[in-house]
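Heads up: the structure comes next, in structure tokens.
The values are calculated or read from the model by the stated rules, or taken from the named source; none is laboratory data. Predicted model, so just to flag it, every value in this text is computed and none were measured. As a convention, Cβ positions derive from the backbone with ideal geometry for all residues, glycine included, and neighbour counts pool all protein chains shown. Quick note on the areas: whole protein, heavy atoms, side chains included, nothing else; ligands and nucleic acids left out. Shrake-Rupley method; radii C 1.70, N 1.55, O 1.52, S 1.80 Å.
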Amino acid sequence: MPSKKALVRRPSPRLAEGLVTHIEREKADADLAVEQWEAYVEALRTHGWETIEVDPADDCPDSVFVEDTVVMYRNVALIARPGAESRRAETAGVEEAVAGLGCSVNWIWEPGTLDGGDVLKIGDTVYVGRGGRTNAAGVQQLRAAFEPLGARVVSAPVSKVLHLKSAVTALPDGTVIGHIPKMDTPSLFARFLPVPEESGSHVVLLGGAKLLMAASAPKTAELFADLGYEPVVVDISEFEKLEGCVTCLSVRLRELYA
């Protein structure tokens with residue numbers, strides 16, 4: 001049986017100091033962010049996910065975006081080396097958490113940089129965004145870690161958004177979804193569905209037809225419902241002010257060995 005565990009990390013009180021790259025800075029409300037994070041975690045639990053809270057990293061403003069710190073493939077945890085130097089202290093607590101779950105732990109080493117938000121897995125195909133926080137050496141090291149396990153690694157250019165998964169994610173049937181103005185190469189994906197809102201590009205597969213997605217994409221939610229999916233909507237407005245989305249607030253561990 002697939003595992004349904006998700007790593008999460010409580011927002012730092014310094015959240016409002018987090019990095020922004022492609023958008024104008026808006027002040028995030030740290031108290032409201034905690035309420036939204038708790039609702040996000042509860043949505044995971046309600047739909048059958050066991051949430052594992054990584055030790056807080058209160059001195060790291062962006063630490064709630066836990067997905068950027070590690071990439072999972074089967075039972076292997078590849079500890080990232082974030083492209084923003086200020087985020088590198090975030091990985092220690094996550095490494096401890098995945099090791100405690102029995103994962104085989106590998107690392108990205110200098111000069112490689114890799115953010116987990118740049119990695120989109122669809123079956124055994126692993127797309128890696130290159131050009132922002134992830135560099136060529138990071139892609140090469142990910143390929144060396146995962147290809148021997150059966151992965152097919154595909155590099156994808158990223159220039160218009162922070163991470164590859166800021167531009168695209170995928171539906172349960174493997175169809176890639178994205179907002180075309182924020183994409184570099186829609187033609188890279190054989191099965192592609194454009195969505196009408198930028199934040200509609202981001203879904204977390206909860207199981208079955210259920211899709212966790214942001215409240216800021218109502219038109220896209222309607223589109224998915226018309227396709228037979230069941231949107232599970234959460235308000236993550238304070239994280240969106242820091243280029244965050246539903247995917248980067250957790251690390252889903254679906255293939256842990258029993």
(message) Name the single residue that is nearest to G18 (Cα to Cα) among those in region 88-119 being in contact (Cβ under 8 Å) with a residue 24 or more places away in the chain and of a type in the set (S, T, N, Q).
(response) T113
(message) I'd like to check something: does region 132-150 contain any residue that is in contact with an Asp or Glu (Cβ under 9 Å, 6 or more places away or on another chain), modelled with pLDDT under 95 and under 25 Å from P111 (Cβ atoms)?
(response) yes
(message) Of the residues V34, V71, V41, only one is in contact with a Ser or Thr (Cβ under 9 Å, 6 or more places away or on another chain), modelled with pLDDT of 95 or more and of a type in the set (A, V, I, L, M, F, W, C); which?
(response) V41
(request) Please work out which residue is nearest to T21 (Cα to Cα), limiting yourself to region 120-166 and to residues that are open to solvent by 50 Å² or more (accessible area, probe 1.4 Å) and part of a helix (DSSP H, G or I). (result) Q140
(message) Please verify whether E24 is closer than 15 Å to E243 by Cβ, open to solvent by 20 Å² or more (accessible area, probe 1.4 Å) and free of Cβ contacts under 8 Å to residues at least 60 places away in the same chain, treating the condition exactly as stated.
(response) yes
(message) I'm told T169 meets every condition in (1) open to solvent by 50 Å² or more (accessible area, probe 1.4 Å); (2) among the polar types (S, T, N, Q); (3) in a strand (DSSP E or B) except one. Can you identify the failing condition by its number?
(response) (1)
(request) Taking the residues in region 40-87 that are free of Cβ contacts under 8 Å to residues at least 60 places away in the same chain and in a strand (DSSP E or B) as candidates, determine which candidate is surrounded by the fewest Cβ atoms within 10 Å (Cβ to Cβ). (result) E50
(request) May I ask you to list the residues in region 88-119 that are open to solvent by less than 10 Å² (accessible area, probe 1.4 Å) and either touching a Cys at 6+ places or on another chain (Cβ under 7 Å) or part of a strand (DSSP E or B) (or both)? (result) E90, L114, G117, V119
(message) Residues to consider are E24, E90, E50; find the one that is modelled with pLDDT under 95 and acidic (D, E).
(response) E24
(request) Give region 202-258 a look and list any residue that's closer than 16 Å to L171 by Cβ, of a type in the set (V, I, T) and crowded, with 21+ Cβ neighbours inside 10 Å, or say none. (result) V203, V204, T220, V246, T247
